[in-house]
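Reading through the C-alpha cells given below for one structure.
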Amino acid sequence: MRHRLFDKTSRTLIMGIPILWIVLFMLLPYGVLLTYSFWLKKYPLFVPAFQFGNYVTLFTDPQYMQVLLRTLKIAALVSGASLLLAYPFAYFIVFRLQSARWRTVLFMAVIAPLWVSYLLRAYVWKTILGTEGILNTALIGLGIVDAPVDAFLYSQFAMVITLTYIFIPFMVMPIYAALEKIPRNLDEASADLGMSAIQTFFRVTVPLSMPGIVAGFTMTFCLSFGDFIAPFLVGGPDGLMVANVITSQFGSALNWPLGSALAVVMLILVLAIISVSDWIEQSGQVEL
Amino acid sequence: MNAVAMTPPRAGKARSTRWIADGAFMTFVCALMAFLYLPIAVLIVFSFNDSRTLTWPLSGFTLDWYVKLFSNTALLEALGNSLYVASCATVLTLMVGIPAAIALDRHQFPGKAVFRRLLLLPIALPGIVTGISMLNMFRIFGFGLSLETVILGHATALLAVVVTQIFARLQRVPKSYGEASSDLGANGLQTFWYVTLPNIKTAIIGAGLLSFVLSFDEIPVTFFLTGRDNTLPMYIYSTMRRGITPEINAIGTLIVLASALLILASVLVLRDRSQRS
Amino acid sequence: MGLHDENLRPGARVSAVPVSKIMAEAEPVIQLKGISKHYGSVVGVDHVDLSVRNGEFLTLLGPSGCGKSTLLRMIGGFETPTGGTVHLAGEDITGLPPQRRDVNMMFQDYALFPHMSVGQNIAYGLLMKGIRGTAAQDRVREALRLVGLEDKIDQRPHQLSGGQRQRIALARAIVREPKVLLLDEPLSALDAKLREQMQVELKHMQERLGITFIMVTHDQSEALVMSDRIVVMQAGNIAQDGTPEDLYERPASPYVANFIGTTNFLSAKLLSQEGTLAVVEVAGQKITISNAPVHLTGNTLQIGVRPEKARIVADGSAPGDNLLRGRVKENIYLGLGLRTVTELADGSLISTDTMLPRGIASHKHARPGDEVVISLEPHNIFLFEAGS
C-alpha cells in the first residue's frame, strides 16, 4: 500500500501548501486588519479596543466621504477612458486585421508596457505634464501659450490620463480574449440575415464580448481605485485618493486604527465589485 | 434583373466605406501606439539631455547621468536588494502557485469556490491592502520588518498572477495525459514529473519572468513592509519626493532596456511553445 | 475441460483460435460483480454483472450516456465504483489505482505525450516497470514493428497522421503486455475510409497477440465487424449480451433491434399462440411467427422486420400466407440496393430493400402508386411485447 500513501502525500502537499499560504498570509492578515480597525488611537500610539469609532469617523467626517467619492469617480473615469480606447483597438485587430502576425505584434505592443516599471510610467507623465514640464515648455516655445498651463499637472485630468496609461493593458487583455472567441461566421450569418455592419456590432459582437468588458472594467476600476503613486506624482491637493489617505494614517498621522478601517472599507468595496462582476458574467454567460 | 443591376454600385459603396472605416481604425491604432510609446521615448531621450531640468527643446547630448548612476552606491545597493527580493519572491510564489493551479485544475474538494476566489483576489486587490494587512500582522506578532517580509508580501501579491497563467495552461493539457501516464504504471509524483511538468514548463517560465518583473517593480506592498533597506523602486520613489532629475530618466532607460530583453526572452519561450503545438 | 468438447463440435472456429488462448479460457480474465457507479442521484452504471473470457474481443456498445465508457473506465481504474467488485484473473482489483492494474488503455484522443518522441512514448510504460536500456529498446522496436511504424521511432506525435498516431497509441499500450487492453472509441478520430481499414487491422492484431480486447463504441457496424461478443448497454444496464449474429438475428428488445441495423416496427395483435409459434394480425393481415417468445402476456404487440428480409413478391393479387398488402410511396436509391417504402392499409410504413446486382437500369421494380404484396418469412420476424 506504499503507493497509496505516496499519492496521498502528494495530494496533501498540492492542497496543503496553498491553503497554508492563504491562511497565513491572507486570511490571518485580513483578520488582524479587521481587529486593528476597531482599536483606539491614544497618544502616543493606539490601544486594543472594540468600538466602531473609526468607522463612524469615516462615514460622518465629510473629508473622508469626499475622498472616497472622488476616488470612485476617478476610477470610473479611468475605466471608461480605457474601455473607449481598448475596445476599438481590440475590435480592429481581431476582426479587421487580416494578418495574424500583425495581430500578435499589436497585441503584444499594448501588453508590453506592463513589463516596464509602473513607477516610471507614472513618473514620465509628471515630467511631461509638469508646470516646468515638457508639454508646457514646448507650448511656450512654440508660442501657443505664453504662460505655463497649470491645469495639466496636479489635476484630476492628469490623474485620469496617467492611470489610463498605466492600466489600459488590463482592459485590452480580457476584451481581446473575448472577441477572439467569437466565431467569424456569426458576423457572416448576421450579414446574411440582412443586418448592417453597425447593427451586427451592437446586436452580436458587443453582447458576446460582454464578459471581457466586465472583466476589464473590474480590473481597471479596482486597480486605479487603490492606487497611491499616480496621485502622489501628478495629483494635486484635489487629487488625493483613498490610498493616499491610508498611507498618511500609517505615516505622518500615525493613526493605524483609522487607516486599517479605511483599508477594510477598500477591501469590502473591491470584494463587492468582484462579486457583482462575477454575477454579471455568470448571468450573461453564453457557451461559445 | 433589378437586383443584379443594383449589386455593383452597392458593392462599390460597401468597399469604400470599408476603406474609410479601416483607415479610421489605422489612424486610431497609430494614435494609441503614440500614446503608449511616446512617453517611453520621452523618458529615454531626456536621459541623454545635458540639462538639469526636463524642458523642451533639448539642449545637448550627454552621458553624465549614466556616469552618476554607477557611482551612486545607495542606488547600487537598492538594485542588489531588488534583485534579491524579486528572485526569492518569484521562487516562493512559484512553489505555492504551481500546486495551487494543479489543485484548481485536477482536484474536486469542498470549498473549492472559496479557495479559488481567495487565490485570485490579489489580481484585482490593490497592493496597499495586502501591504497594510501584512504590516499589521507582522507588527502584532512582533516581527521586525526587513527585506524578507517584503519577499513574503510580494509572493502573496503575485500568487494570483502565477496561478492564473499556469492554470490556463493546465486547462489546455488534456486530462487523458495524466490518465495515460498512470495507466502506464506511473504514480502521482512520476506523472507530475514526466508528463505534467514538461507540458506546463513554458507557462512556468513565463509566469516566473512576469512575477520577477512585477516584484522588481513593486511599490505599494514594499512601501509598508520594508525595514531599513530600500529596493530600487523605493529608492527612486524617495528620490522623486526630493524632485525630478534626469538621473531618474537614466535609471528608467536602463530598466526599459532590461524589460525589453525580458519581453524578448518570454516571446522566444512562447514561440517555442507554439511551434510544438 | 468442456472447452475441448466444444472444439470438437462441427463448425467450431478451431483454426482461428491459438491453442494457448484455449488453455487459458477456463477462467474469466475480467469479472464484474454487481458493479455500479452513481453520481449523487444520477445512475451511470447500475449493478452490472459481466465476465470476459481470456482472448476475447468484447465490445461495449450503446449511445452516448449509456454507461459504456464509465464501465470501461472502472475496469481501467480511472473511476471508482460506488458498488460491486472488479476481478482481474481472479484477483480483486476494485480499489487499485490504474498504475497497479495489469490492464492498459488506448485513449480516444490517443493521449500521446507531445513532448516525447514516439520511441520515448512507447518506452514510458517500460521505464515505469523498471525496464530500461537495450532491453527496453528491443521491446520498443518490436512493438513498432508490430504496428508497422519502425521508421517513426524518433518523430514527435504531431508529425504523424491520425492513423499513425492511433497505431503508436496501440503500440504503447501493448508493449507492457497487459492481460487486457481497453479501447475507448479507438477509431472515432479517423475518417470513414481509414476507420474501415483499421477495424479489420485491429481485429487481426488482436487475434495475433491473443490479448483480451474490451472496446467501447457507439458505432454498431464497427462492433459487428470487430467483436467476438457485443454487450449492448442501455441506461447503465446491459440490454443484451451475445455474438454479433445473436444481436442481429435475435435482438432481445426493440431497443437492440433498433440500435443494431435497421428495423421496421409494426404494431400487432396476438391472435393465437402455441409454444414459439404465434399468429398475429398486422394491418389487417394474418402473420405467422415461428420463433416468438414463449410467455407473451398482453395482446398488444410489436413485430420487427429487417428491410432486407422483407420481399416485394408481386403486384396486389398474389395469394398465400404471411403477406402484407400496400401501395408504394417512394423508392430510395442506396447504391448497392433499392429501398422501397410501402404504405400499408392502416397507414403504417414498411421499408424493403432489394439488391441491385446488375444496376438499377435493368432492374424491374414497383413505382410509387403501385399496389404491392410484401412477403415475410415466419422465422425472420421479431416479436416484442409492446412495452418492452
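Things worth noting here:
- Unique match (being at pLDDT below 90, part of a helix (DSSP H, G or I) and either crowded, with 21+ Cβ neighbours inside 10 Å or of a type outside the set (A, V, I, L, M) (or both)) among B:Leu135, B:Leu119, B:Leu159: B:Leu119
- Selected residue (criterion: nearest to A:Ile17 (Cα to Cα)) from residues of segment B:57-82 that are exposed (fewer than 15 other Cβ atoms within 10 Å of the Cβ) and of a type in the set (A, V, I, L, M, F, W, C): B:Leu76
- Segment B:177-198 - residue that is hydrophobic (A, V, I, L, M, F, W, C) and more than 7 Å from chain C (Cβ to nearest Cβ) and, of those, nearest to A:Ser10 (Cα to Cα): B:Leu189
- Which listed residue is away from chain B (no Cβ under 14 Å), buried (at least 20 other Cβ atoms within 10 Å of the Cβ) and touching a residue at least 12 places away in the same chain (Cβ under 8 Å), from A:Leu40, A:Leu58: A:Leu58
- Boolean, B:Lys201 is more than 22 Å from the chain's Cα centre (by Cα), within 14 Å of chain C (Cβ to nearest Cβ), open to solvent by 30 Å² or more (accessible area, probe 1.4 Å) and more than 23 Å from A:Phe250 (Cβ to Cβ): no
- The selection criterion, being open to solvent by 30 Å² or more (accessible area, probe 1.4 Å), on the phi < 0 side of the Ramachandran plot, within 14 Å of another protein chain (Cβ to nearest Cβ) and touching a Gly at 6+ places or on another chain (Cβ under 8 Å), holds for A:Phe170.
- Screening A:Ile175 on (1) aliphatic (A, V, I, L, M); (2) open to solvent by 60 Å² or more (accessible area, probe 1.4 Å); (3) part of a helix (DSSP H, G or I) shows it passes everything except condition (2).
- If the condition is being among the basic types (Lys, Arg) and either open to solvent by less than 60 Å² (accessible area, probe 1.4 Å) or outside any helix (DSSP H, G or I) (or both), then segment B:162-193 contributes only B:Arg169.
- Filter pass, A:Pro257 being in contact (Cβ under 8 Å) with a residue 60 or more places away in the chain, more than 8 Å from chain B (Cβ to nearest Cβ), within 27 Å of the chain's Cα centre (by Cα) and open to solvent by 20 Å² or more (accessible area, probe 1.4 Å): no
- Of everything in segment B:138-156 that is polar (S, T, N, Q) and within 12 Å of chain A (Cβ to nearest Cβ), the residue that is surrounded by the most Cβ atoms within 10 Å (Cβ to Cβ) is B:Thr156.
- Single residue of B:Phe167, B:Phe192, B:Phe141 found to be at pLDDT 90 or above and assigned by TED's automatic domain parsing to the domain that holds B:Leu76: B:Phe167
- Among the residues of this structure, C:Leu202 does not count as one that is more than 13 Å from the chain's Cα centre (by Cα), crowded, with 21+ Cβ neighbours inside 10 Å, of a type outside the set (Asp, Glu) and assigned to a strand (DSSP E or B).
The values are calculated or read from the model by the stated rules, or taken from the named source; none is laboratory data. Since this is a predicted model, take the numbers as computed values, not measurements. In this analysis, Cβ positions are derived from the backbone assuming ideal geometry, glycine residues included, and neighbour counts consider all displayed protein chains. Quick note on the areas: whole protein, heavy atoms, side chains included, nothing else; ligands and nucleic acids left out. Shrake-Rupley method; radii C 1.70, N 1.55, O 1.52, S 1.80 Å.
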